[in-house]
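Novice: Below: one structure in structure tokens.
Each value in this text was obtained by applying a stated rule to the coordinates, not by laboratory testing. For clarity, every value in this text was computed on a predicted model and none was experimentally measured. Ideal geometry is used to build each Cβ from the backbone, glycine not excepted, and the neighbour counts take in all protein chains shown.
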Protein chains: 2
Amino acid sequence: MPVGSLQLPPLAQIRGIRLAAVAAGIRYQGRDDLVVMELAAGSRAAAVFTRNAFCAAPVVVAREHLQQDMPRYLLINSGNANAGTGASGLADARACCQALAQLSGCDARQVLPFSTGVIGQKLPVERLQAALPAALSALSDSAWAAVAEAIKTTDTVAKGVSRQLQVDGRPVTVTGIAKGAGMIRPDMATMLAYLGTDADVEAESLRSCLQAAVERSFNRITVDGDTSTNDACVLVATGAAGGAALSPAHPDYPAFCEVIAQVCERLAELIVRDAEGATKFVTVEVSGGADARECLQVAYTVAQSPLVKTALFASDPNWGRILAAVGRAGLRDLDVSKVDIFLDQVCIVRQGGVAPDYREADGQRVMNQAEILIDIRLGRGGARERVWTSDLSHEYVRINAEYRS
Amino acid sequence: MPVGSLQLPPLAQIRGIRLAAVAAGIRYQGRDDLVVMELAAGSRAAAVFTRNAFCAAPVVVAREHLQQDMPRYLLINSGNANAGTGASGLADARACCQALAQLSGCDARQVLPFSTGVIGQKLPVERLQAALPAALSALSDSAWAAVAEAIKTTDTVAKGVSRQLQVDGRPVTVTGIAKGAGMIRPDMATMLAYLGTDADVEAESLRSCLQAAVERSFNRITVDGDTSTNDACVLVATGAAGGAALSPAHPDYPAFCEVIAQVCERLAELIVRDAEGATKFVTVEVSGGADARECLQVAYTVAQSPLVKTALFASDPNWGRILAAVGRAGLRDLDVSKVDIFLDQVCIVRQGGVAPDYREADGQRVMNQAEILIDIRLGRGGARERVWTSDLSHEYVRINAEYRS
């Protein structure tokens with residue numbers, strides 16, 4: 001059960017992008033699991049990928065292809081991650097790109113492959129290839145919602161959002177979709193997320209725009225601390241809206257970057273709200289740090305503490321566990337007598353000890369909520385960071401104990 | 001349910017140490033929760049404490065007292081950690097030391113206080129003090145097992161072990177007890193553990209002996225990655241066995257240190273076997289690292305991965321999660337094509353991909369066991385480290401969601 005009402009809003013089409021989702025029977029039965037996205041000629045793309053050393057075969061191939069050419073197609077499957085599959089996994093990813101290139105008349109290097117699902121099983125290349133003709137003939141402007149459904153694994157809801165802004169006085173649209181429910185702790189990268197815009201954006205600017213957006217969105221969430229082998233986030237700008245190409249010199253570039261970042265933030269938030277087994281949506285805010293790094297260090301230690309997460313699941317205002325997590329975060333020379341901790345507006349720890357006016361009933365009231373702010377003030381500087389996370393429930397254990405069975 | 005048969009063996013008495021456990025009603029009803037250990041005059045003690053910045057009041061006071069004098073008494077309570085209690089918690093810990101000092105005729109600085117249990121609640125000083133006379137009159141040589149029972153919190157079994165060796169041709173005995181089942185990831189320190197010996201050991205040598213023993217035992221285990229606020233390990237040498245004081249110059253000193261380390265290792269192992277909700281006892285061994293630090297980095301990342309731990313609980317040979325955890329451990333320039341991973345003797349990953357001869361039935365056979373070795377070979381050096389951990393079960397979530405209720 002996701003936290004909050006997460007109904008997929010209407011997703012705006014992006015001029016220059018056509019998509020289709022079909023059922024290839026890769027792992028799931030009776031649902032779509034294969035996606036083709038076609039990008040108009042002249043589109044530019046930027047992407048960030050997982051930093052996991054065991055990155056999956058499609059990540060290796062997509063990174064390589066993107067260095068050689070701009071993509072015309074994204075090929076995405078769910079149900080099988082094609083990770084930990086060694087040389088044969090790489091050959092499988094290349095074979096899928098090759099098949100799509102042949103059918104569509106482009107070069108294989110113009111296809112970026114993506115996979116998500118179980119690690120360590122051979123990709124059923126033949127079933128995937130067999131479904132490609134149907135996908136190509138189904139391409140349409142309006143399949144964003146179907147694609148958001150098709151890339152799900154343990155997600156309970158499809159995730160997407162659209163925004164509009166004006167560039168050069170013309171309307172520009174951004175639509176983003178994402179999946180991700182477990183193995184979530186992006187490290188300088190993301191889960192699977194795809195953003196399209198009809199803006200025209202200069203290639204290097206597109207990359208820096210995406211980097212900045214990812215840094216403040218997908219790189220600020222954690223479900224279980226486990227960075228995936230397959231994380232990828234792609235931003236495509238088709239340029240179909242016309243106007244001058246966006247770059248830092250353009251007066252509308254900051255506003256464009258802000259919208260991209262907001263779309264990424266919303267997708268990141270949706271991922272945490274639909275985290276495996278989540279019953280709470282938790283914001284960990286750390287201020288008063290000497291620098292951003294130590295704020296993040298504290299925020300992630302609290303957000304990933306199994307004891308804090310089980311207390312959140314139990315709606316137990318067991319603030320001692322929050323305090324213990326702050327204390328073990330490894331900050332040098334932390335003066336605990338300067339640390340204050342709030343649950344929402346309720347001060348639970350003041351100057352390192354329980355707040356004199358704290359009453360358990362106040363903490364309980366906040367913990368009973370589905371959305372909780374853990375607000376930690378270190379009192380040693382001006383830096384501030386924020387991380388989103390979920391709780392650790394029986395359902396998380398059940399899902400991950402049964403995922404392969 | 002602990003993993004393996006963990007019946008408390010007979011614990012040998014230590015000449016020069018008398019102990020008692022009584023019921024003070026600190027939190028639990030109908031069981032002992034207060035311990036007094038009396039050390040003969042001339043005993044030497046060494047201790048290591050938690051590095052959690054929010055260390056508990058008794059840790060602050062014990063560290064302070066130990067710098068000023070050698071202890072004559074250890075005063076230990078379970079059920080209340082006296083942590084996160086600020087200035088009044090410090091005053092409470094001092095008041096308890098003062099009360100015991102007065103009753104026994106020693107100086108308050110010769111009393112070391114220890115607390116374990118719920119964080120953030122006021123220590124019931126009066127109930128604790130009221131139980132001291134009964135504890136003092138109950139002191140005996142033979143209460144080690146009763147004391148091991150009394151210091152338990154969520155532990156399901158009492159933990160202890162005795163060993164003997166010869167020093168200067170005379171028999172010397174070592175007895176150790178410990179508690180700890182959750183909030184376990186000692187960081188250059190330990191849970192609550194107490195070791196006594198009748199050997200005569202020079203003070204500085206006692207400290208270095210304990211440091212080395214802790215480093216290879218308590219500092220190599222993790223249950224949930226949460227370093228406690230109250231960890232402490234004390235080694236007392238009464239000298240009652242006679243003979244020259246042990247120091248590095250003594251030919252029997254290495255053998256003595258080895259026995260101390262073995263006792264610590266056994267206690268550390270018992271703690272993991274009785275970890276909260278544990279159904280598996282898991283050894284993560286990492287070899288072929290460039291140095292010990294990176295071996296530990298990989299070992300802890302695997303041992304603390306919620307996805308690895310739930311797969312262990314499910315007896316699911318989902319080796320992709322192990323591989324993903326190795327990949328995100330943050331090793332610089334890790335060449336995954338040199339990484340091999342074994343479950344016991346079964347090679348699951350060879351040269352970074354699934355081993356060609358791996359069959360799921362073989363992995364399943366190992367995963368069905370209650371004791372599992374995850375053997376990771378990095379192929380980039382000669383360093384080797386080993387960490388013990390447990391799985392993540394429904395019972396862990398239940399215990400920690402209900403602990404305070």
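Novice: Just counting partner chain Cβ atoms within 10 Å, what average do the residues of peptide A:80-91 show around their Cβ?
Specialist: 4
Novice: A further question follows. Could you give the distance between the Cα centres of segment A:132-177 and segment A:1-58, to the whole Å?
Specialist: That distance is 8 Å.
Novice: Semi-axes of the equivalent ellipsoid for segment B:306-367, please: Cα gyration tensor eigenvalues, times 5, square-rooted, ordered largest first, whole Å.
Specialist: 20, 16, 7
Novice: Per-residue HN-Hα couplings for segment B:278-295, Karplus 6.51 cos²θ - 1.76 cosθ + 1.60 at θ = phi - 60°, whole Hz, x for Gly and Pro?
Specialist: For segment B:278-295, the Karplus curve yields 4, 10, 9, 10, 10, 9, 9, 10, 10, 10, x, x, 5, 8, 4, 4, 6, 4 Hz.
Novice: Note the distances from residue A:402 to each other copy's matching label point, with points 7 Å along the Cα-to-beta-carbon direction, in nm, sorted shortest first.
Specialist: Relative to the other copies, residue A:402 has label-point distances of 2.1 nm.
Novice: Could you pull out the pairs from B:309/B:338; A:280/B:280; A:159/A:280; B:152/B:309; A:122/A:152; B:159/B:280 whose alpha carbons sit more than 22 Å apart here?
Specialist: Values: B:309/B:338 25 Å; A:280/B:280 29 Å; A:159/A:280 18 Å; B:152/B:309 25 Å; A:122/A:152 19 Å; B:159/B:280 18 Å.
Flagged as over cut-off: B:309/B:338; A:280/B:280; B:152/B:309.
Novice: Run the quick spin-label model on residue B:380 and residue A:69: label points 7 Å from Cα toward the beta carbon, then report their separation in nm to one decimal.
Specialist: In this crude label model, residue B:380 to residue A:69 measures out at 3.4 nm.
Novice: Which of A:357, A:200, A:155 moves the most in a Gaussian network model of chain A with Cα springs under 10 Å?
Specialist: A:357
Novice: So, one more: Quick one: grab the alpha carbon gyration tensor of segment B:185-241, order the square roots of its eigenvalues as a ≥ b ≥ c, and give me rounded if a/c is under 1.5, else prolate or oblate depending on whether a/b is larger than b/c. Kindly include the intermediate steps, with their values, before the conclusion.
Specialist: On the way: a/c = 3.06, a/b = 2.33, b/c = 1.32.
Prolate is the answer for segment B:185-241, as a/c is 1.5 or above and a/b outweighs b/c.
Novice: Next question, about the same structure. Can you give the mean number of other chain Cβ atoms that lie within 10 Å of the Cβ atoms in peptide A:343-349?
Specialist: 1
Novice: So between residue A:212 and residue A:7, what do we pick up on full extension, going 0.36 nm a residue minus the alpha carbon distance?
Specialist: Values: separation 205, 0.36 × 205 = 73.80 nm, distance 2.73 nm.
Value of the extension gain: 71.1 nm.
Novice: Just to be sure I understand the model, the point goes 7 Å from the Cα along the line to the Cβ. What's the resulting residue A:51 to residue A:164 distance in nm?
Specialist: 3.9
Novice: Which value in deg cm²/dmol, rounded to the nearest 500, describes the helix-derived mean residue ellipticity at 222 nm for chain B, given -39,500 (n - 2.57) per DSSP H run of n ≥ 4 and division by the residue count?
Specialist: Helices in chain B give a 222 nm mean residue ellipticity of -9500 deg cm²/dmol.
Novice: With point charges of +1 on the Cβ of Lys and Arg and -1 on the Cβ of Asp and Glu, referenced to the Cα centre of chain B, which listed residue (B:73, B:29, B:348) lies farthest in the positive direction of the dipole?
Specialist: Working it through, the farthest residue towards the positive pole turns out to be B:29.
Novice: List, shortest first and in nm to one decimal, how far the label point of residue A:104 (7 Å from Cα along Cα→Cβ) is from its counterparts in the other copies.
Specialist: Result for residue A:104, in nm, nearest copy first: 7.8.
Novice: Another one. Note the angle between two axes, namely the Cα long axis of helix A:57-68 and the longest principal axis of the Cα atoms of chain A, as a number of degrees from 0 to 90, rounded to the nearest 10.
Specialist: Once rounded, one gets 70 degrees.
Novice: Moving on. If I model segment A:132-261 as equal point scatterers sitting on the Cα atoms and use the Debye formula, what is log10 I(q)/I(0) at q = 0.12, 0.14, 0.15, 0.19 Å⁻¹?
Specialist: -0.51, -0.68, -0.77, -1.10
Novice: Would you mind checking the tilt of helix A:253-273 against the longest principal axis of the Cα atoms of chain A, expressed as 0 to 90 degrees and rounded to 10?
Specialist: Its long axis makes an angle of about 70 degrees.
Novice: Put a label point 7 Å from Cα along the Cβ direction on residue B:337, then list its distances to the equivalent points in the other copies in nm, shortest first.
Specialist: The projected label point of residue B:337 is separated from its counterparts by 5.8 nm.
Novice: Considering segment A:281-402, what Rg and Dmax in Å follow from its alpha-carbon atoms?
Specialist: Every Cα atom of segment A:281-402 included, Rg and Dmax give 14.0, 46 Å.
Novice: So what does the Cα-only Debye profile of segment A:212-340 read at q = 0.09, 0.11 Å⁻¹, as log10 I(q)/I(0), no solvent term?
Specialist: -0.38, -0.53
Novice: In addition: For the protein assembly as shown, give me the percentage of DSSP beta bridges that are antiparallel, rounded to the nearest 5 percent.
Specialist: 70
Novice: Follow-up. Under 15 Å from a label point 7 Å along Cα→Cβ of residue A:368: give me every residue in segment A:296-340 with its amide N that close.
Specialist: Residues passing the 15 Å test: A:314-317.
Novice: Provide the FRET efficiency to the nearest 0.05 for the residue B:203-residue B:104 pair, computing r from the beta carbons and using R0 = 25 Å. Intermediate results must be reported in sequence, preceding the final value.
Specialist: Details: r = 23 Å, r/R0 = 0.90.
Between residue B:203 and residue B:104 the formula returns 0.65.
Novice: Hey, another quick one. Taking the Cβ-Cβ separation of residue B:247 and residue A:140 as r and a Förster radius of 60 Å, what is the calculated FRET efficiency to the nearest 0.05?
Specialist: FRET efficiency, residue B:247 to residue A:140: 0.15.
Novice: With +1 on the Cβ of every Lys and Arg and -1 on the Cβ of every Asp and Glu, and nothing else charged, how large is the dipole of chain A about its Cα centre, in debye rounded to the nearest 20?
Specialist: Values: 39 positive and 44 negative charges, 86 e Å.
The calculated dipole for chain A is roughly 420 debye.
Novice: Please give the per residue volume of the convex hull enclosing the alpha carbon atoms of the protein assembly as shown, rounded to a whole number of Å³.
Specialist: Once divided by residue count, the hull of the protein assembly as shown is 154 Å³.
Novice: If you take every DSSP beta bridge whose two residues both sit in segment A:17-273, what share of them, in percent to the nearest 5, is antiparallel?
Specialist: Of the beta bridges lying entirely in segment A:17-273, close to 70 percent run antiparallel.
Novice: Ok, one more. Quantify how strongly other chains surround peptide A:305-316 by giving the mean number of their Cβ atoms within 10 Å of each of its Cβ atoms.
Specialist: Details: counts 5, 14, 12, 2, 5, 11, 4, 1, 3, 8, 1, 6.
Per-residue shielding by partner chains comes out at 6.
Novice: Per Stokes-Einstein, at 37 °C and 0.692 mPa s, what whole-number D in µm² s⁻¹ belongs to chain A, with the Kirkwood radius over Cα pairs as the hydrodynamic radius?
Specialist: Answer, rounded: 150 µm²/s.
Novice: Determine how many Å³ per residue the convex hull of the Cα atoms of segment A:349-398 encloses.
Specialist: 127
Novice: Using the 2.2 N^0.38 Å rule of thumb for compact globular proteins, work out how segment A:7-162 stacks up: its C-alpha Rg over that value, please.
Specialist: 0.97
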